[in-house]
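Engineer: Pasting a structure here, questions to come.
Values in this text are rule-based calculations from the coordinates and carry no lab data. Please read these numbers as outputs of a predicted model, since none were measured by experiment. Cβ coordinates were reconstructed from backbone atoms using ideal geometry, including for glycine residues, and neighbour counts include every protein chain displayed.
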Amino acid sequence: MDSAVPHIRSVDGAPAADGFAPRPRIVVVGVGHGGMEAVKELDGTPADVLLVDRNNYHKFQPLLYQVATAGLQEGDITQSARHIFQKQKNVDFRLATVLGADLDARVLQVDQGPPIPYDYLILAAGASTAYFGVEGAQTYGFPLKNVADAVNLRSHVLLQFEKANRNAALIEEGALNFVVVGGGATGVETAGALIELFDRVLCRDFAGLDVDRARVILVERGDALMEAYKPDLQAYTKRQLEKRGVEVWLDTAVESVSAEAVQFEGGESLATQTLIWAAGVRANPLADELGLEQTRGSRLVVDDTLRVSGHPEVFAVGDLAGATDPTGQLYPQVAQVAIQQGIHAAKEIERAMRGIQPEAFQYKDLGQMATIGRNAAILEFPSGRGLKGLLAWLGWAVIHVVNLVGFRNRLSVLINWVYNYFTYDRGPRVIMSTWPETDEVQQPVLTTAPTASDGVGGSYDPRLATESEEA
């Protein structure tokens, strides 16, 4: 046996077979930004770390919209969890969905395999889409939270153009009306990327289709886009989107959604078969199953050290945590908060194991940024100063490439962006069907060979004349 490999405790909590006493087990739920950074921080800690997630990969959430708009491939923004931690000898990974927990017994219930015991627990399960009770939004809207969401949306958008290319009359029925709900970063970035995809790329792919008839409508309930930014950056965002062809509808709230239209609270409706829901988030549904106190957005109430009430061995971080800043406001559900909270939770566990007093979480604001499209982005520094335009866009690109996980991903994204920039082209314009495929083909008459018995089939098949008359 390799002496460098630790004696990892078995899933059921029993001592290792070689007789070594079990070390403390730290279970981290979720391989998002918070969970990943927590596990990294625990490298070298005299404990066994078990990472649990329903997916076997980490996704770089800030670039998910680029997968949805054919700018990047899903592999460019994902990295295998086992690959990330393969050199971290005290870490193991379990592919499973956490269904709930017995916090008193310190055991997690999962969908596959035996329950998972723990000594310390970090809950970093992330967020899900919040629909705010809007009728039909969850049924007919397209969320953008997971890789599968992005691939599904990309396929649907491309399929809409294929349908319109076959039958231009469908455009009047809203086939090429793309409604994006939510004027935050996800909505703005998605709307900007869609209009560029249509104007720069699909107009060449669909030479026989009037692609100019495609519309991107960004709907925001409030009176400005990018609510968290300074007014001048908000105004710049709106001007840039409208300059590029996006229709921005402010002070507009969605009342209901159907398969064929969206209804607004003012009574107006719009024919559309594509509504992208980027209007809000809530904590992962796991938060509802733990019997713990929750706050706005279903987030778990935590103290200033990120511990949940009554269970000092349990921490919540990132989108799942209802942590508040010194003014009592909830921290924003963004990657930097999750990263810093994940690191803090890991350090708190290390302090507890050494008998050191806990320390309060202190968030270091690194500013915020969002891209609008080619050569246009907004950046707000912690001091409140803002930057917009080309320099902000370049800064946004550099920071996102640097923060991707893995050299291959960084290189791939950089090459893709350089290629896209100079060729005005996009990458994977591929429709990935979400329904089962079959190898059974209904052959057209022309491809059916004539048989010796009845003489029909091929170019002389009499059925061709009949079909021509009916047409």
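Engineer: Can you name the helices of the chain, as whole DSSP H runs, whose Cα span along the helix axis is 30 Å or more and whose Kyte-Doolittle mean is not below 1.0?
Structural biologist: On the way: long enough: none.
Span-like helices here: none at all.
Engineer: Follow-up. If N is the number of residues in the range 62-108, what value comes out of its Cα radius of gyration divided by 2.2 N^0.38 Å? Walk me through the numbers before you get to the answer.
Structural biologist: Numbers: Rg = 16.3 Å, N = 47, 2.2 N^0.38 = 9.5 Å.
The value comes to 1.72.
Engineer: Within the range 178-200, which residues have the backbone N less than 18 Å from the label spot 7 Å out from E268 along Cα→beta-carbon, could you tell me?
Structural biologist: Output list for this probe position: 178-183.
Engineer: Go through the range 44-137 and name the chymotrypsin sites (Phe, Trp or Tyr not before Pro) that are in a DSSP coil and have 16 or fewer other Cβ atoms within 10 Å of their Cβ.
Structural biologist: Working: sites: Y57, F60, Y65, F85, F93, Y118, Y120, Y131, F132; in loops: F60, F85, Y118, Y131, F132.
Answer by residue number: F132.
Engineer: Let me ask something else. Taking the simple approach of a point 7 Å from Cα along Cα-to-Cβ for both N403 and S155, what is their distance in nm?
Structural biologist: About 3.0 nm separates the two model spin labels.
Engineer: Let me check I've understood the local charge: for A148, count other residues with C-beta under 15 angstrom from its C-beta, Lys and Arg +1, Asp and Glu -1. What total comes out? Before the final figure, lay out the partial values.
Structural biologist: Numbers: positive: R54, K59, K145, R154; negative: D53, E74, D149.
Charge balance in the 15 Å sphere: +1.
Engineer: Okay, next question. I'd like the distance separating the alpha-carbon centroids of the range 370-412 and the range 286-340, in whole Å.
Structural biologist: If you average the Cα positions of each part, the centres end up 28 Å apart.
Engineer: Using label points projected 7 Å from each Cα along Cα→Cβ, tell me how many nm separate R296 and E247, to one decimal.
Structural biologist: Taking the simple label geometry, R296 and E247 are separated by 3.2 nm.
Engineer: Let me ask something else. Can you pull the one-decimal nm distance between simple spin-label points at S256 and H311, each 7 Å off the Cα toward Cβ?
Structural biologist: 4.0 nm
Engineer: I need the P(r) histogram for the range 265-304: all alpha carbon pairs, bin width 5 Å from 0 out to the longest distance, whole percents.
Structural biologist: 5, 17, 17, 15, 10, 10, 11, 9, 4, 1
Engineer: At 0.36 nm per residue, minus the direct Cα-Cα distance, what do T139 and E172 gain on full extension? Give it in nm, one decimal, please. Intermediate values should be presented prior to the final figure.
Structural biologist: Values: separation 33, 0.36 × 33 = 11.88 nm, distance 2.30 nm.
So the extension gain works out to 9.6 nm.
Engineer: For the chain, what is the largest minus smallest coordinate of the Cα atoms on each principal axis, given in angstrom and ordered from greatest to least?
Structural biologist: For the chain, the Cα extents along the three principal axes come out at 87, 66, 43 Å.
Engineer: Mind pulling up the Rg/Rh value for the range 327-397? Radius of gyration and Kirkwood radius, both on Cα. Walk me through the numbers on the way to the answer.
Structural biologist: Working: Rg = 16.7 Å, Rh = 14.4 Å.
We get a ratio of 1.16 for the range 327-397.
Engineer: Okay, next question. Lys/Arg Cβ at +1, Asp/Glu Cβ at -1, dipole of the chain taken about the Cα centre: which of V188, L103, G328 is farthest positive-ward?
Structural biologist: In the chain, that residue is G328.
Engineer: Also: Excluding A346 itself, calculate the net charge of residues whose Cβ lies under 9 Å from the Cβ of A346, where each Lys or Arg counts +1 and each Asp or Glu counts -1.
Structural biologist: Values: positive: K40, K347; negative: E37, E41, E348, E350.
Residues close to A346 contribute a combined charge of -2.
Engineer: Whole Å is fine, so just give me how far the alpha carbon centre of the range 130-159 lies from that of the range 259-281.
Structural biologist: 12 Å
Engineer: Below 12 angstrom from the Cβ of K40, what's the summed charge of the other residues (Lys, Arg +1; Asp, Glu -1)?
Structural biologist: Details: positive: K87, K347; negative: E37, E41, D43.
Net charge in that neighbourhood comes out at -1.
Engineer: Using the scaling law 2.2 N^0.38 Å as the reference, what is the normalised Cα Rg of the range 312-443? Don't skip to the answer; put the middle values down first.
Structural biologist: Values: Rg = 21.4 Å, N = 132, 2.2 N^0.38 = 14.1 Å.
Relative to the 2.2 N^0.38 Å estimate, the range 312-443 comes out at 1.52.
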